[in-house]
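Peer 1: One structure coming up, written as structure tokens, with questions to follow.
Computed from the coordinates by the stated procedures, all read-outs in this text should not be read as laboratory data. Everything numeric here is computed off the predicted structure, so don't read it as measured data. Cβ coordinates were reconstructed from backbone atoms using ideal geometry, including for glycine residues, and neighbour counts include every protein chain displayed.
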Amino acid sequence: MRILNYGSMNIDRVYRVTEIVSRKETISTTDYVELIGGKGLNQSIALTLAGVPVYHAGKLGEDGRFLKEYLAEKGVNTDFVLSSSNVSGHAVIQVDQNGENAIIVHGGSNHEITEKDIDLVLENFDKDDWLLIQNEISNLDYLINRAYAKGLKIHLNPSPITDTLLKSSLNKISTFILNEVEGFRLTGKTEIENILSDLKLRYPIAEFVLTLGENGSVYYSGTKKYFQKSFKVEALDPTGAGDTFTGYFLACRFRGMSVEESMNYASAASALSVTKLGASNSIPTFSEVQHWIG
Ligand code: RIB
């Protein structure tokens, strides 16, 4: 039983600003740094730091070769990270003085993943294996259908949510890890209880983890519901907090922990991640999380 994460890798260009820029406005930054991110890459790092070996599949341009080296250094298997002649995916991220962010993503090579690439990667995986996906790569629906046909268990973080994603074969997903905005886009409901019950009606085979920011998170399987409180921290940068939560929750479940323990670790890890600037570099190790929660 192995985890394959087929997902994006981005160069994160992070601009510290006093306030996030408004329409028609020009502002200056107070600081600039280039970091390593992408929802896929961040989730692979979270999985591996939480103690679970992960295979990362995706595509990078020449300018993003260092992202592959970074993944490998952290212990992620990069055999399925392919090369592209396009630019790599990258993100322009503003982080303001209140610890809020705004992100623009350019898909680049993340959007060059072909059906053939997917077939070649999936040849190496089988039923019993888990597939983790987000929504920052091309041909996601093809990937879902091929992986499902092979019997892989598919876990989706439906982020960022798009009309194309809404038309995908989401009935083949085993676990959704999503936030309230994504819950609303999937169901049209705004109340937590209504989002959860509507999700279950639409996707009966799935279980759900709905994150609620500082209000905690909820697990719902249809028969079991569990609420996890959030950990209070001084937030510096929320970038990658959802990815940290997703990677930690799945890693803990993969390691055989209960839903309750997994929610607790995921919540603590994502809280710790927002105390540092950046995405992948702000994800704590399992022992840091254990030490922090005591
Ligand atoms: O979830 C955070 C990530 O979203 C950033 O690392 C950025 O690359 C975008 O993909």
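Peer 1: Provide the per-residue ³J(HN,Hα) series for the stretch 187-193, in order, calculated from phi with Karplus coefficients 6.51, -1.76, 1.60 and θ = phi - 60°, each as a whole number of Hz, with x at glycine and proline positions.
Peer 2: Whole-Hz 3J(HN,Hα) from phi for the stretch 187-193: 10, x, 9, 10, 6, 3, 4.
Peer 1: Would you work out the relative contact order for the stretch 183-294, in percent, from Cα pairs under 8 angstrom that are 6 or more residues apart? Numbers along the way, then the final one.
Peer 2: Details: 163 pairs, mean separation 21.8, N = 112.
Contact order relative to length: 19 percent.
Peer 1: Whose amide H sits under 5 Å from the amide H of I36, counting only residues 5 or more places off or on another chain, with H placed in the peptide plane?
Peer 2: Close amide H contacts, sequence-distant or interchain: D12, A279, S280, N281.
Peer 1: Read phi for every residue in the stretch 63-70 and hand back ³J(HN,Hα) as whole Hz from Karplus 6.51 cos²θ - 1.76 cosθ + 1.60, θ = phi - 60°, with x for Gly and Pro.
Peer 2: Calculated HN-Hα couplings, in order: 5, x, 4, 5, 5, 5, 5, 4 Hz.
Peer 1: For the stretch 1-69, which GluC sites (Glu not before Pro) pass both filters: DSSP loop (anything but H, G, I, E, B) and at most 10 other C-beta atoms within 10 Å?
Peer 2: Here the sparse-neighbourhood loop sites are E25.
Peer 1: While we're here: Taking only the alpha-carbon positions of the chain and ignoring solvent, what does the Debye formula give for the base-10 log of I(q)/I(0) at q = 0.08, 0.13, 0.15, 0.16 Å⁻¹?
Peer 2: Log10 of I(q)/I(0), two decimals: -0.31, -0.87, -1.19, -1.36.
Peer 1: Report the percentage of all Cα-Cα pairs in the stretch 9-73 whose separation exceeds 18 Å, rounded to a whole percent.
Peer 2: Looking at the stretch 9-73, the distances longer than 18 Å represent 50 percent of pairs.
Peer 1: Name the long-range amide H neighbours of L82: under 5 Å, sequence gap of 5 or more, or other chain; modelled H, no Pro or chain starts.
Peer 2: Those lying under 5 Å, H to H, from L82 are G58, K59, L60.
Peer 1: Could you let me know the centre-to-centre spacing of the stretch 127-151 and the stretch 180-233, using Cα atoms, in angstrom?
Peer 2: What the calculation gives is 22 Å, centre to centre.
Peer 1: Have a look at the stretch 102-184 and give its Rg and Dmax from the Cα atoms, expressed in angstrom.
Peer 2: 12.9, 38
Peer 1: Continuing with the same structure: What is the sum of charges, Lys and Arg at +1 and Asp and Glu at -1, for the other residues whose Cβ falls under 13 Å from the Cβ of V121?
Peer 2: That sum, taken over residues with Cβ under 13 Å, equals -2.
Peer 1: Positive end of the dipole of the chain, charges at C-beta (+1 Lys, Arg; -1 Asp, Glu), about the Cα centre: which of G75, V33, I177 has its Cα farthest in that direction?
Peer 2: Highest projection toward the positive end goes to I177.
Peer 1: Work out from phi, with θ = phi - 60° and the Karplus expression 6.51 cos²θ - 1.76 cosθ + 1.60, the ³J(HN,Hα) of each residue of the stretch 231-236, listed in order in whole Hz, and give x for Gly and Pro.
Peer 2: For the stretch 231-236, the Karplus curve yields 9, 7, 9, 7, 7, 9 Hz.
Peer 1: Counting other Cβ atoms within 10 Å, keep those with at most 12, restrict to DSSP loop, and tell me which trypsin sites (Lys or Arg not before Pro) in the stretch 105-190 are left.
Peer 2: Of the trypsin sites (Lys or Arg not before Pro), the ones in loops of the stretch 105-190 whose Cβ has at most 12 other Cβ atoms within 10 Å are K127, K167.
Peer 1: For the chain, what is the relative contact order in percent, using Cα pairs closer than 8 Å and at least 6 residues apart in sequence?
Peer 2: The value is 18 percent.
Peer 1: With viscosity set to 0.890 mPa s and temperature to 25 °C, compute the Stokes-Einstein D of the stretch 235-294, Rh being the Kirkwood radius across alpha carbon pairs; µm²/s, no decimals.
Peer 2: 221
Peer 1: Follow-up. Would you mind calculating the relative contact order of the stretch 147-245 from Cα pairs under 8 angstrom and at least 6 residues apart, reporting the percent as a whole number? Walk me through the numbers before you get to the answer.
Peer 2: Working: 134 pairs, mean separation 18.8, N = 99.
This gives 19 percent for the stretch 147-245.
Peer 1: Would you calculate, for the chain, the mean residue ellipticity at 222 nm contributed by helices, counting each DSSP H stretch of 4 or more residues as -39,500 (n - 2.57) and dividing by all residues, to the nearest 500?
Peer 2: The helix-only estimate for the chain comes to -9500 deg cm²/dmol at 222 nm.
Peer 1: Convert 4 °C to kelvin, take the viscosity as 1.567 mPa s, use the Kirkwood radius over C-alpha pairs of the stretch 164-209 as Rh, and evaluate the Stokes-Einstein diffusion coefficient in µm²/s, rounded to a whole number.
Peer 2: Translational diffusion coefficient: 123 µm²/s.
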